[in-house]
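*Asks:* One structure is given below, represented as structure tokens, and several questions about it will come after.
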Amino acid sequence: MTFLLCLSVAVEEANPVMASAPIAPYNSSPLGNSSSQNASRESLKMEPLADVAVLPGEERVIDKEIIYICPFNSAVKGKVSITNYRLYFKNTDSETPVTLNVPLGVINRVEKMGGASSRGENSYGLEITCKDMRNLRFALKQEGHSRRDIFEILFKYAFPLSHGMQLFAFLSQEKYEENGWNVYEPLEEYRRQGLPNSEWRVTFINKNYELCDTYPTILVVPYKATDEDLRRVATFRSRCRIPVLSWFHKENHAVITRCSQPLVGMSGKRNKDDERYLDVIREANGTTKLTIYDARPNVNAVANKATGGGYEGDDAYQNAELVFLDIHNIHVMRESLKKLKDIVYPNVEESHWLSSLESTHWLEHIKLVLSGAIQVADKVSSGSSVMVHCSDGWDRTAQLTSLSMLMLDSYYRTLGGFQVLLEKEWIGFGHKFASRIGHGDKNHADQDRSPIFLQFIDCVWQMTKQFPTAFEFNERLLVVILDHLYSCRFGTFLYNCESARESNNVRVKTVSLWSLINSDTSLYINPFYTPESSRVLYPVASMRHLELWVTYYIRWNPRIQHQQQSPVEQRYKELLALRDQYLKKLEELQLSDSAPSSTHLTNSSTPNAATPNQHITHLQTPF
Amino acid sequence: MFSGKQTKATFKSYLPPLQTDSKKSPQLPIKKLEAKLLPGEIVVNEANFVKKCISTESCQDGLWGKLVCTNFKVSFIPHNSLPLQRFQCTHRLLGEHDISLACVEQVVTVNDVKGKQKILGSNQKLKFNPTELVLYCKDFRIIRFRFDEAGPESAKKVCLAIAHYSHPADPQLLFGFEYVGKRYHGSTDETVNGVDPGGGLQTPLFDCSSDWDREIKRTGASEWRVCTINQGYFISPSLPEFFVVPVSLADQDLKQYACCFYSQRIPLWCWNHSSGSALVRMSNISDPLQQRKVEQRISSAIIKSHPLRSDVFKSDLDKNLPNIQDIQTALLKLRQICVIEPFEESEEKWLSSLDSSRWMEYVRTFLKHAVDVVYMLESRHVSVILLEKEDRDLSCVISCLVQLMCDPHCRSLHGFQGLIQKEWVMAGHRFLDRCNHLKKSDKEESPVFLLFLDCVWQLWNQYPAAFEFTEVYLTVLGDSMWVPVFSTFLFNCPRQRAEHSRDFASSKSIHLGQDQALRFPSVWDWSQQFSLKDQTLFNNPLYVGKIATCVQNGTVKTFTHRRSKKNYSSTVRGLPSAMRNGSLGPNDTLTRRNSLMLRLRSDLSQVREQQETPSERFIRDWFSRPVDLQALLLPQLLPSHLSVWKLYFLRWVPEAQIPQGGPITAFHKLSLLTDEIETLQSQLRQYNGAGCTPNNPHTEHSKMYFKVTSTPHQSPAPPEYLSSSFPFSPMGNLCRPGILGTPLSKFLNGAKIWLSTETLANETI
């Protein structure tokens, strides 16, 4: 019992959602033991919630006897506790523990199931649809409206914004050694890229979000473009999202710029300022033709003309080349993920799995996004500047720019650099996290919701699979990021843009996810990482290599082993420890008989023995 | 990062070092082009000024050279060693541009001017002068030669020769006979040509009773004995001379029962579980009148050999598994989508095409069936009989998979090789027919062994640290089937080998000396094919047994028997009461068997059973515990958790290659670490053991292919020549007719899509 307590607490600290597999034994991992002292420290400090330690600022709202209808194990009797942060269930009916630990932010939808007069066992209860590829069903006693209170509480706390309440991130009192809000300083990042320089300048024109309310305050634009030019260009770009620099190639000075679609409309409007502005971008490094990557399928771009949008026509932009990347819109992606969920939860579709997987088109979309990013990266590394946009420039555009930057710039493949990449291209440039995820909002059918960011993380995962030594971070980081994308425990992924975050004082009132990550980075380090500064990574965007990320999408199935770490990764760490142990032993031996042994060794003619000292010294240095 | 010296020391097996400086040799054409011949190998025909197509962007013109057909291989000797073509292949029997005739699946001649095409067989006529020769290979390569500058007659002749010699009329025309025979002629020294089938190898061949004795001891099968009644193959033509039977069956009984079985195949013992349950394989009983009686006698003998007198469970493989034709059809479809269909065009439907090939489904079915058998042995403690009509195909796969899952010894290199010896070679898997070496009967051809290797790969892929070998090893083992010199893959059964090699020796008046028959090399003598350095690619740096082995000074960790009472009581708990006494009622067996079949069927028809079956619970329980790599291993059977064996099936596909990527890059890093650990170990040993064999060559020889050589201020980046195809290279090995050379850059917008002039010409066909 004590062990269990420690275990769940310890895992909670590391990763609350990941660890909440439906059945506790699957959580068992060496990790649980290693941090158990931590756990006891925590549990002393906090009021225990059944078996799990609550977070600072977390408060219990209701406890209730309930039956969990586990899709794998049939009905499990137990007790559910709901706090302002999570739903926690623990069984009471058998010795083998069954627990659920679900942050309320993950909940997409709560529904009543059956009525007071429904027949059949366990037909009266609640059905909870989650954003992280699982559903939960609970049954209650039919007499006395037993579910009314729990339903109402769950509904209220899962969707606080719909009830005039605050998201948990604003209530959390968590403290970390590291302050994650400091990981990204725009000016510092631009300086790292070698900016500003004679071609590109930093502008503060948007410091009060007057030019564009969904852009960050600090922008990098062509040196030759005046602030007045920028204002005029803004009138011709959807939501004033003008082309600005995302990334600068230090050697060939080619750039990735991003923006929204031009406001061409049905009549085919033109804007001299916009045309000149694009030419200025092109001229900055002497690119002969500026390549404009329109992420959309051609037809979609045309269709957008009806609503005032459109694309850059050949006539108007003679020094540009337009390429459509055929990536579908947010609605298509949402439906695709829905289909994927259908075939993996609760059970994996066993007959014709591959055909079923194909029919979801999920991997096909991944392929299109990746191959779009490859094209961008290839263009830029060949010395040509590019511009990327879709309709508004905050979904597909963010995917393409950040992925191509990940391919081009090894800095973004480090643990810190990846955080900068997300802060810059996604959070800073206004990917609408609030609308796409629907944080704290009851409107589950909102057409604005879409798994665009998940799709991006999936693309990153595909790259880490193809290049296992190229990334400093591991799969676990990606899973934790996705878990907290929904959890609302951290401020990182809240709100749609920087201006909204600023007016809500997010940096002051909430904790950053990077505070959690950077306070214990060892969990997220890929042991195979080999830094290579100048290498451009071109993943193979082919169905032959793209795989379903089973450790994320199929992780709730208890028939699958839940490994905290990939076995190869784990083994590598064991070998590292063994190596260090040998080194230590050898060092001791050398110290104990330094003089006589060296003569002995020089006498023996083996090459290894001849140079033991050399070996020892240089073997030690890298670590 | 790499000094010039290191470039030299890099990989040489299939891939060239990228930075070579051989451009300074334009005076090459004077050089005489000669095929490198093996003992017994003769040149049959040749053509000059032939162009080999190379599908890569940088050498548009392909390679010019001489095409030679010998009685062993199709050899191409290039004129110019272009920098990228400068392979230093250390395959000891086949050069970089060589294809063994046994590997050639189809010989296609094309005349693109006349728009004609013909698939050539043996002794055929060709009415047009070929401009092009396409060789479709069994290992998924497609090799193309152009005859634009070659003499039309010599081109035709060499094509006909290749077609003829790749269809040998008789087993004794397979090159292995000449090769081995010649070695008897030439040398009089004692080692007989270095062919050493048993000695020097740690792999038991199971061709003598002592190997079986050791296996009986190792698995604690005390109630089983080696039977010698088939010496001289007098009882059964397809059984080995030595095999293992229950102690309670006397030779006399066996002789009597033998005639009831298909091909007189007396049931064979395969392996004993630590609980005492046996795994036995058996062919159908051909005599229906005797069936009941014989079956009962065999069963009761097996029961008697069980320490708990547990019952026997019969697993009918023919009913539950795809047959050999199904497997062959699946592979053909798989090949179609992997290498024949244009890459880009097949992308969209890749997953559903893969699905409809059914290959992955079959892999899964075999693994699943093996798990069901494991459940019977491991959890129900009953002995299992694998029942197959001939007992020579499906049983080989299942018995091996069961042992791989249960017995960690089989996951070591020598354990694995011994397993294949025991369950495939000695049990009489018809390699000659299944490989279709004589290209006689397509009906008999079936990649059962490849399917088995794929199943092993799935296990390996899920538990890479549990195996001593790597996926390169598995791939190379599969390829070795097409090098027709190894006794392992040349024959249908031990008797056939004995007969053919005796006949051949007498017809060629070869003096065999002490040998009974020609001694063919075994594939397990890897030095026949690879240098010691290249063989280190087989060693898995993750293998857990490895460290223990090193520390314990070379002693191989063996399978430990857990026969304690405690063990039994903890596992017997869930059994029906009847089982505890060791006497399982007939009804009980029946229900078990039905439910097993029901599960397989329900699986196909998508009927989901609400109630968890005992075997499902067994699997779930196992997965709920931490994995012990030195104990039972069960594969994850969800289709989402099985993958395509990319190294084997996609290694030649240029578009699918991940340059400087793929699992090999992590493997490289692991190897370096393991190498470092080995170095430290040997240093520690020198400290500890003072004068104790400091010059032992074994300790000096690193087991790792990649070694710590550079100044390790920083861990070195993966070498540039690594790719997901490593150690193989798509270059020149996959030229699809018509769409030659779709380079990787097709994905990259703006990069020029290279089309050679000849591709354009071909499109008019």
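*Asks:* Residues being assigned to a loop (DSSP other than H, G, I, E, B) and out of contact with any Leu (no Cβ under 8 Å at 6 or more places or on another chain): count how many of those fall in the range B:500-529.
*Replies:* Summing the residues that are assigned to a loop (DSSP other than H, G, I, E, B) and out of contact with any Leu (no Cβ under 8 Å at 6 or more places or on another chain) in the range B:500-529 gives 10.
*Asks:* I'd like to check something: does the range B:291-298 contain any residue that is open to solvent by 10 Å² or more (accessible area, probe 1.4 Å), over 30 Å from B:Gln106 (Cα atoms), touching a helix residue (DSSP H, G or I) at 6+ places or on another chain (Cβ under 6 Å) and part of a helix (DSSP H, G or I)?
*Replies:* no
*Asks:* Take the residues in the range A:209-224 that are of a type in the set (A, V, I, L, M) and out of contact with any Phe, Trp or Tyr (no Cβ under 6 Å at 6 or more places or on another chain), then tell me which one is farthest from A:Arg270 (Cα to Cα).
*Replies:* So, considering only residues that are of a type in the set (A, V, I, L, M) and out of contact with any Phe, Trp or Tyr (no Cβ under 6 Å at 6 or more places or on another chain), the one farthest from A:Arg270 (Cα to Cα) is A:Ile218.
*Asks:* Among residues belonging to the range B:307-357 that are at pLDDT 95 or above, of a type in the set (Ser, Thr, Tyr) and assigned to a helix (DSSP H, G or I), point out the one that is least open to solvent (accessible area, probe 1.4 Å).
*Replies:* Selected residue: B:Ser357.
*Asks:* Continuing with this model, one more query. Since A:Arg191 meets every condition but one in (1) assigned to a helix (DSSP H, G or I); (2) open to solvent by 60 Å² or more (accessible area, probe 1.4 Å); (3) touching a Leu at 6+ places or on another chain (Cβ under 8 Å), which condition does it not meet?
*Replies:* Checking A:Arg191 against (1) assigned to a helix (DSSP H, G or I); (2) open to solvent by 60 Å² or more (accessible area, probe 1.4 Å); (3) touching a Leu at 6+ places or on another chain (Cβ under 8 Å), the one that fails is (3).
*Asks:* Condition first: open to solvent by 10 Å² or more (accessible area, probe 1.4 Å) and part of a helix (DSSP H, G or I). Can you find one or more residues in the range A:490-498 that meet it?
*Replies:* Yes, the range A:490-498 has at least one match.
*Asks:* Find all pairs meeting these conditions: Cβ atoms under 8 angstrom apart; at least six residues apart or on different chains; first residue within the range B:55-77 and part of a loop (DSSP other than H, G, I, E, B); second residue hydroxyl-bearing (Ser, Thr, Tyr) and modelled with pLDDT of 90 or more.
*Replies:* These pairs meet every condition: B:Asn71/B:Tyr165; B:Phe72/B:Ser100; B:Phe72/B:Tyr179.
*Asks:* Given the condition free of Cβ contacts under 8 Å to residues at least 24 places away in the same chain and among the charged types (D, E, K, R), answer yes or no: does some residue in the range B:403-426 qualify?
*Replies:* Among the residues of the range B:403-426, not one is free of Cβ contacts under 8 Å to residues at least 24 places away in the same chain and among the charged types (D, E, K, R), which makes the answer no.
*Asks:* Among the helices (runs of 4 or more DSSP H) lying completely within the range A:362-475, list those that include at least 1 residues that are more than 14 Å from every other protein chain (Cβ to nearest Cβ). Let's see the steps before the verdict.
*Replies:* Values: elements: A:362-381, A:396-408, A:415-421, A:452-466.
The qualifying helices (runs of 4 or more DSSP H) are A:396-408, A:415-421, A:452-466.
*Asks:* Tally time: how many residues in the range A:253-292 are open to solvent by 50 Å² or more (accessible area, probe 1.4 Å) and closer than 19 Å to A:Met405 by Cβ?
*Replies:* Final tally of qualifying residues: 1.
*Asks:* Considering only residues that are in contact with a Phe, Trp or Tyr (Cβ under 7 Å, 6 or more places away or on another chain), farther than 18 Å from A:Arg555 by Cβ and of a type outside the set (Gly, Ala, Ser), which ones fall in the range A:317-372?
*Replies:* Hits for the range A:317-372 are A:Leu322, A:Val323, A:Leu325.
*Asks:* Going through the range B:222-241 one residue at a time, which ones are open to solvent by 10 Å² or more (accessible area, probe 1.4 Å), without any contact (Cβ under 8 Å) to a residue 40 or more places away in the chain and part of a loop (DSSP other than H, G, I, E, B)?
*Replies:* Hits for the range B:222-241 are B:Ser222, B:Thr228, B:Ile229, B:Phe234, B:Ile235.
*Asks:* Residues in the range A:540-551 that are at the interface with chain B (Cβ under 7 Å from one of its Cβ atoms) and under 30 Å from A:Gly180 (Cα atoms): how many?
*Replies:* Residues that pass the stated criteria total 1.
*Asks:* Can you pull out every residue in the range A:47-71 that is over 28 Å from the mean Cα position of the chain (by Cα), open to solvent by 20 Å² or more (accessible area, probe 1.4 Å) and at pLDDT below 90?
*Replies:* Of everything in the range A:47-71, those that are over 28 Å from the mean Cα position of the chain (by Cα), open to solvent by 20 Å² or more (accessible area, probe 1.4 Å) and at pLDDT below 90 turn out to be A:Glu47, A:Pro48, A:Ala50, A:Asp51.
*Asks:* Also: Find all pairs meeting these conditions: Cβ atoms under 9 angstrom apart; at least six residues apart or on different chains; first residue within the range A:345-357 and over 21 Å from B:Glu348 (Cα atoms) and more than 7 Å from every other protein chain (Cβ to nearest Cβ); second residue part of a helix (DSSP H, G or I) and among the charged types (D, E, K, R).
*Replies:* none
*Asks:* Hey, among the residues in the range A:122-160 that are exposed (fewer than 15 other Cβ atoms within 10 Å of the Cβ) and out of contact with any strand residue (DSSP E or B) (no Cβ under 9 Å at 6 or more places or on another chain), which one's nearest to A:Pro451 (Cα to Cα)?
*Replies:* A:Glu152
*Asks:* Let me ask another. Let me confirm something: among A:Pro262, A:Pro196, which residue is within 22 Å of A:Gly372 (Cβ to Cβ) and not basic (Lys, Arg)? Even if it seems obvious, please write down each step before you answer.
*Replies:* Numbers: A:Pro196 fails: within 22 Å of A:Gly372 (Cβ to Cβ).
Matching residue, one of A:Pro262, A:Pro196: A:Pro262.
*Asks:* Here is a further query. Considering each of B:Ser583, B:Ser602, B:Ser624 in turn, give the residue that is facing chain A (nearest Cβ under 9 Å) and either over 31 Å from the mean Cα position of the chain (by Cα) or at pLDDT 90 or above (or both).
*Replies:* B:Ser624
*Asks:* Counting just the residues of the range A:238-252 that are within 18 Å of A:Arg282 (Cα to Cα) and free of Cβ contacts under 8 Å to residues at least 40 places away in the same chain, which one comes out surrounded by the most Cβ atoms within 10 Å (Cβ to Cβ)?
*Replies:* A:Ile242
*Asks:* When both residues are 6+ apart or on different chains and their Cβ atoms are under 6 Å apart, which pairs have a first residue that lies in the range B:715-736 and is within 11 Å of chain A (Cβ to nearest Cβ), and a second that is hydrophobic (A, V, I, L, M, F, W, C) and open to solvent by 30 Å² or more (accessible area, probe 1.4 Å)?
*Replies:* B:Glu720/B:Leu18
*Asks:* Return the residues of the range B:313-352 that are touching a residue at least 40 places away in the same chain (Cβ under 8 Å) and acidic (Asp, Glu); say none if nothing qualifies.
*Replies:* Result: B:Asp316, B:Asp318, B:Glu344.
*Asks:* Still on this structure, please answer the following. So if I check each of B:Leu680, B:Leu638, which one is at pLDDT 85 or above, farther than 30 Å from B:Glu361 by Cβ, out of contact with any strand residue (DSSP E or B) (no Cβ under 9 Å at 6 or more places or on another chain) and facing another protein chain (nearest Cβ under 8 Å)?
*Replies:* None of the others qualify; the one that does is B:Leu680.
The values are calculated or read from the model by the stated rules, or taken from the named source; none is laboratory data. Note that this is a predicted model, so its numbers are computed, not measured. With ideal geometry, Cβ positions are generated from the backbone for all residues, glycine too; neighbour counts draw on all protein chains shown. For the accessible areas, the whole protein counts, side chains as well, though only heavy atoms, and no ligand, DNA or RNA atoms are used. Shrake-Rupley method; radii C 1.70, N 1.55, O 1.52, S 1.80 Å.
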